[in-house]
Amino acid sequence: MKYIRLIALTLALTLLAGCSIIPFQTPEEQRAALEAAQTRKEEAEAQADPSAALDGNYLLNRALTNSAGVTLATYQAAFPRFSETGLKAQSFARINSYYSGEISGLAQDADSFFHRVKAYYGEDWDIVTDAAADFSVSITYELLNAPRDYVSIRTDITVSENGQAETYPRAQVFLLDNGWKLSLETLLGDNYEKAAPMLLGDILEWCGDSGIQVTGSADRTLEEFSENYALTREGFLFYVEPFALNNKNANRYAIPVSLDDYIGMMEN
C-alpha cells in the first residue's frame, strides 16, 4: 500500500511539474497564434504557386530605324521572370536562368532578322522615307495551368515579313521541385517505354477522329511529336508543324491527349 501511495505521489508531482512549464495562453493569444500559422502556410503555398510567384518579365525591345527616322522593323520578346524568394526559390531561379538565356540568344536573332529587312529594301535602306512593308517579330508567353509540382509555359512567336504573318507555338515544361526543364522522356522516366506507344496511339486516334490523314502512321514514332509539348491539368498538348502529318497539310495543330492514363506514370 505504501508503494502505491508513493507511485501516485510521484505521478502527481510529475504532472504538476509538467503543467508549470506549459505557458498559459489566453483565448485571444491562441487565436492569434493560429492565425499567424495559417498566414505562414498560405504565404508558403502562394510562393510555390508559379502564377503567384510571377514577378515580371524578361524583355527584349529592338527596332531597326534608319537615318531618315523611319522604323523599318521591330523585334519584341517577353519571357516570364519569377520571384527568387520564399518557397522553391532555387527552382524559380533556375527557370529564370533558362529564360534569361533565351533573351540573350534572341539578340543575335534580331540582328539576323534586321539584316534580311535591309536586304529587302536594298542599298538605300538607310534613306527610305516610307516603310512599304510590315516586318516584325513578337514573342509572347502564357503560363499554363499545369498539374501540381510542374510549371508549363507556352510561347507564341509571330513573324511578319512583307505582309505574310505566321505564329509558331513553343512550350517548355519544368519540374517545380528543382527547376529543370523536362523532356517528355525525363518526365515519364522509367515509364517512358510503356507510355510511348500509348501516347502515340492517342495522338493518331485524335487525328483519325478529326479527319486528318497521317502518312505512314504504322511507322510513326512518338519522338516525331514529343519535341514540342505542353502539360496542363487536363493533359498533354503536342504542337505539330505544317506538313508533319502529310505533305499536303500545311496546318499547325495542338493535339490534346488526356492525362488520365499517364498521371501515375509521371516521375517527380
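Data for the structure
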| read-out | value |
| --- | --- |
| Tally of residues being farther than 21 Å from residue 147 by Cβ and open to solvent by 60 Å² or more (accessible area, probe 1.4 Å) across the range 228-241 | 1 |
| Residues of the range 28-69 classified as open to solvent by 60 Å² or more (accessible area, probe 1.4 Å), modelled with pLDDT under 95 and more than 30 Å from residue 143 (Cβ to Cβ), total | 6 |
| Any chance residue 191 is open to solvent by 60 Å² or more (accessible area, probe 1.4 Å) and farther than 27 Å from residue 141 by Cβ | no |
| Residues within the range 247-263 that are open to solvent by less than 10 Å² (accessible area, probe 1.4 Å) and closer than 19 Å to residue 167 by Cα, tallied | 1 |
| Subset of the range 194-209 that is aliphatic (A, V, I, L, M) and touching a Phe, Trp or Tyr at 6+ places or on another chain (Cβ under 9 Å) - its residue that is surrounded by the fewest Cβ atoms within 10 Å (Cβ to Cβ) | 198 |
| Count of residues meeting criterion [open to solvent by 60 Å² or more (accessible area, probe 1.4 Å) and not in a loop (DSSP other than H, G, I, E, B)] in the range 210-225 | 4 |
| Which numbered condition residue 88 fails, given (1) surrounded by fewer than 18 Cβ atoms within 10 Å (Cβ to Cβ); (2) within 22 Å of the chain's Cα centre (by Cα) | (1) |
| Subset tally (residues that are touching a strand residue (DSSP E or B) at 6+ places or on another chain (Cβ under 9 Å) and not basic (Lys, Arg)) for the range 243-262 | 12 |
| Residue 244 being surrounded by 15 or more Cβ atoms within 10 Å (Cβ to Cβ) and touching a Ser or Thr at 6+ places or on another chain (Cβ under 9 Å) | no |
| Checklist (1) modelled with pLDDT under 95; (2) crowded, with 18+ Cβ neighbours inside 10 Å applied to residue 171, failing item | (1) |
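The values are calculated or read from the model by the stated rules, or taken from the named source; none is laboratory data. Fair warning: this is a prediction, and the values are worked out from it, not measured in the lab. Reconstructed Cβ throughout: ideal geometry from the backbone, glycine too, with neighbour counts over all protein chains shown. Just so you know, the surface numbers come from the protein's heavy atoms only, side chains and all, with ligands and any DNA or RNA stripped out. Shrake-Rupley method; radii C 1.70, N 1.55, O 1.52, S 1.80 Å.
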